[in-house]
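The values are calculated or read from the model by the stated rules, or taken from the named source; none is laboratory data. No experiment lies behind these values; they were computed from the predicted model shown. Cβ sites come from the backbone with ideal geometry, for glycine too, and all protein chains shown count toward neighbours. For the accessible areas, the whole protein counts, side chains as well, though only heavy atoms, and no ligand, DNA or RNA atoms are used. Shrake-Rupley method; radii C 1.70, N 1.55, O 1.52, S 1.80 Å.
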Amino acid sequence: MLYFSDLLQYSDVFLSGLKTTVELTVLTTILGVALGTVCATVRQYGNRASQRVVSVYVELIRNTPFIVQLFFIFFGLPALGMMLSPWQASMIALTINLGAYSAEIIRAGLASISKGQMEAAKVLGLNFRQTLTRVIFIPAFEKIYPALTSQCIIVMLGSAVISQISVQDLTYAANLVQSRNFRAFESYFVTALMYLGLSILLRFAFNALGKRLFAYRTAN
Amino acid sequence: MSLVNLHQVHKYYGDHHVLKGIDLDIKAGEVVSIIGKSGSGKSTLLRCINGLEQYQQGGITVDGKEVTTDDIQMRRLALSVGMIFQNFNLFPHMTVGENVMLAPTIVLKKSKAEAEATARAMLEKVGLAEKFDSFPEKLSGGQQQRVAIARALAMSPKVLLCDEITSALDPELVGEVLKVLEQLAKEGITLVLVTHEMNFARDVGSRVVFMHQGKVWEQGDSKTLLSNPQTDELKQFIGAVL
Ligand SMILES: Nc1ncnc2c1ncn2[C@@H]1O[C@H](COP(=O)(O)OP(=O)(O)O)[C@@H](O)[C@H]1O
Ligand SMILES: [Mg+2]
């Protein structure tokens, strides 16, 4: 027999976990994509030395497990005198992780923009920053938008790991509840549904934003 | 006084010597057609004039000021030299109007109302006033190229460089673009155009410059030069394109 009603008394725990996961997701998605954009720009247009620095960062993150990155930041950095709360450590780890993966994706978008666009902006007198923000970024993001959306969702789902350093996120709530009432099936089933709902919501939000940013694709 | 002056300009791509001592003097109001085989250095020449490419020897001045690829210099140069490309290079995410208004607003710092008035006037000039709110990809190639012309004109350049701007167009669309150029020539704007349109070069152009192997091989008044070429290379070239 299944007893979903046994979860009801813990609805506050679930809701507070959900809130933490949503907050971290919104924050790290914005910061991570911003970091990825800067890194992609450096990797595409920067000088040798700065390209090298970004490459090392990106490869370091993409070739190590997220949980190790998280533990390193939370348990390792205090050795260097950097004490972080679980929440802060998670925020940083998730941002750095998304930053690296999205840098690769966004760089592919930048590379897909023809050199002619850059030159047209240049001969019109735009400076480099104006060229990027006014001319290059929107078409570049459009090219890789589905991949970027998926990556953000992957990072959101991967954030379940932060319960390991006792951030009270959605997965932490599930663990807590099933340890109290031993309803593991019900507890994780409901949690899985919530993650599914979050994925759908995040995709929905990305689609809505994309419709505004890339309106020229569908206009007249 | 000369508007564009090149003195013994040499340009290399690595070891590849592409421009071999170009001397050229263009006065305000001239319509100069640059012709020559593919690979003879025509595009490179234009790109050196507006600072898109660096040259290694010699000197180029526009309106009396030295041309360099230095960033700030390049932006100042952009105020006097306009360029139109073979592939239009309109910005796909902006409407026609936004394309034309962009540089006047953020480079010349014109107010939005002023930039819009200029944009509408320039689009009117190229016969596309009604496309102000359309996006580039909804336009034909000929219309896109005319928008590119309007976009360049909105910066009131002293000289307009055109690099084979009808070569990517379907034959039936070439005429509408040439007509706009002819109109501009009549208004006295200085044009330097790389072109394969010999009729245009002869009838509208004031001077023809024939490039061959990275050199100005022969040049002169357009009608005289094309009907009475002196060098074997130009004779051969004219024979091949006509
Ligand atoms: N970016 C470049 N790098 C190396 N070589 C180039 C580059 N652009 C042009 N060239 C070479 O320079 C020569 C002149 O090219 P170009 O000026 O484009 O000729 P045209 O416009 O007359 O066809 C050609 O041999 C071409 O291969
Ligand atoms: Mg060329």
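Does B:Leu161 fit the bill of being touching a strand residue (DSSP E or B) at 6+ places or on another chain (Cβ under 9 Å), within 14 Å of chain A (Cβ to nearest Cβ) and within 16 Å of ligand 2 (Cβ to nearest atom)?
Judged against the criteria, B:Leu161 is a match.
Are any residues in the range B:37-71 away from ligand 1 (no atom under 16 Å from the Cβ), under 17 Å from the mean Cα position of the chain (by Cα) and hydroxyl-bearing (Ser, Thr, Tyr), and if so, which ones?
Once the filter is applied, which keeps residues that are away from ligand 1 (no atom under 16 Å from the Cβ), under 17 Å from the mean Cα position of the chain (by Cα) and hydroxyl-bearing (Ser, Thr, Tyr), the range B:37-71 yields only B:Thr61.
Keeping to the range B:179-236, report how many residues are more than 16 Å from ligand 2 (Cβ to nearest atom), open to solvent by less than 30 Å² (accessible area, probe 1.4 Å) and in a strand (DSSP E or B).
Residues flagged as more than 16 Å from ligand 2 (Cβ to nearest atom), open to solvent by less than 30 Å² (accessible area, probe 1.4 Å) and in a strand (DSSP E or B) within the range B:179-236 amount to 5.
Suppose the filter is open to solvent by less than 40 Å² (accessible area, probe 1.4 Å), facing chain A (nearest Cβ under 7 Å) and either assigned to a helix (DSSP H, G or I) or on the phi < 0 side of the Ramachandran plot (or both); does B:Met83 pass it?
So B:Met83 fits the description; yes.
Output the number of the condition that B:Ile34 fails; it satisfies all remaining conditions of (1) within 13 Å of ligand 1 (Cβ to nearest atom); (2) open to solvent by 10 Å² or more (accessible area, probe 1.4 Å).
Single failed check for B:Ile34: (2).
Would you mention how many residues in the range B:33-68 are away from chain A (no Cβ under 14 Å), outside any loop (DSSP other than H, G, I, E, B) and within 16 Å of ligand 2 (Cβ to nearest atom)?
So the answer is 6.
When you check A:Phe4 against the structure, is it in contact with an Asp or Glu (Cβ under 6 Å, 6 or more places away or on another chain), open to solvent by 30 Å² or more (accessible area, probe 1.4 Å) and among the aromatic types (Phe, Trp, Tyr), yes or no?
So A:Phe4 fits the description; yes.
So which residues in the range B:133-146 are open to solvent by less than 50 Å² (accessible area, probe 1.4 Å) and within 17 Å of A:Arg217 (Cα to Cα), if there are any at all? Please lay out each step first, then the result.
Just the residues of the range B:133-146 that are open to solvent by less than 50 Å² (accessible area, probe 1.4 Å), to begin with: B:134-136, B:139-146.
Scanning the range B:133-146 gives B:Ser134, B:Phe135, B:Pro136, B:Leu139, B:Ser140, B:Gln144.
Please go through the range A:70-91 and give me each residue that is open to solvent by 50 Å² or more (accessible area, probe 1.4 Å), touching a Leu at 6+ places or on another chain (Cβ under 9 Å) and at pLDDT 95 or above, ordered by number.
Listed by number, the list holds a single entry, A:Trp87.
Which one of the conditions (1) touching a residue at least 12 places away in the same chain (Cβ under 8 Å); (2) in contact with a Ser or Thr (Cβ under 9 Å, 6 or more places away or on another chain); (3) surrounded by fewer than 18 Cβ atoms within 10 Å (Cβ to Cβ) does B:Ser156 fail to meet, given that it meets all the rest?
Result: B:Ser156 passes all but (1).
From the list A:Ala215, A:Ala174, A:Ala140, A:Ala219, pick out the single residue that is within 14 Å of chain B (Cβ to nearest Cβ) and either in contact with a Gly (Cβ under 8 Å, 6 or more places away or on another chain) or acidic (Asp, Glu) (or both).
Checking each option against the conditions leaves just A:Ala140.
Is it the case that A:Val135 is open to solvent by less than 30 Å² (accessible area, probe 1.4 Å) and within 12 Å of chain B (Cβ to nearest Cβ)? Before you say what the answer is, go through the steps one by one.
Values: open to solvent by less than 30 Å² (accessible area, probe 1.4 Å): yes; within 12 Å of chain B (Cβ to nearest Cβ): yes.
Yes; evaluated as a whole, the condition is true for this residue.
If you go through the range B:1-31, how many residues are within 26 Å of B:Gln183 (Cα to Cα) and within 15 Å of ligand 1 (Cβ to nearest atom)?
1
Examine the range B:103-120 for a residue that is crowded, with 18+ Cβ neighbours inside 10 Å, more than 9 Å from every other protein chain (Cβ to nearest Cβ), more than 16 Å from ligand 1 (Cβ to nearest atom) and of a type in the set (A, V, I, L, M, F, W, C), and state whether such a residue exists.
Yes, the range B:103-120 contains at least one residue that is crowded, with 18+ Cβ neighbours inside 10 Å, more than 9 Å from every other protein chain (Cβ to nearest Cβ), more than 16 Å from ligand 1 (Cβ to nearest atom) and of a type in the set (A, V, I, L, M, F, W, C).
Among the listed residues B:Met94, B:Met74, B:Met122, which satisfies the condition of being under 30 Å from B:His17 (Cβ atoms), more than 16 Å from the chain's Cα centre (by Cα) and either among the hydrophobic types (A, V, I, L, M, F, W, C) or assigned to a helix (DSSP H, G or I) (or both)?
Checking each option against the conditions leaves just B:Met74.
Inside the range A:92-125, can you point out the residues that are open to solvent by 20 Å² or more (accessible area, probe 1.4 Å), over 30 Å from A:Ser16 (Cα atoms) and away from every other protein chain (no Cβ under 14 Å)?
Selection gives A:Glu104, A:Ile105, A:Arg107, A:Ala108, A:Ala111.
Being loosely packed, with under 14 Cβ neighbours inside 10 Å and facing another protein chain (nearest Cβ under 10 Å) narrows it down to one residue among B:Asp23, B:Asp71; which is it?
B:Asp71
Can you run down the residue pairs with Cβ atoms below 9 Å, 6 or more apart or on separate chains, where the first is in the range B:38-60 and at positive phi and the partner is more than 12 Å from ligand 1 (Cβ to nearest atom) and assigned to a helix (DSSP H, G or I)?
Qualifying pairs under 9 Å: B:Gly51/A:Lys122; B:Gly51/A:Val123; B:Gly51/B:Gln73; B:Gly51/B:Met74; B:Gly51/B:Leu77.
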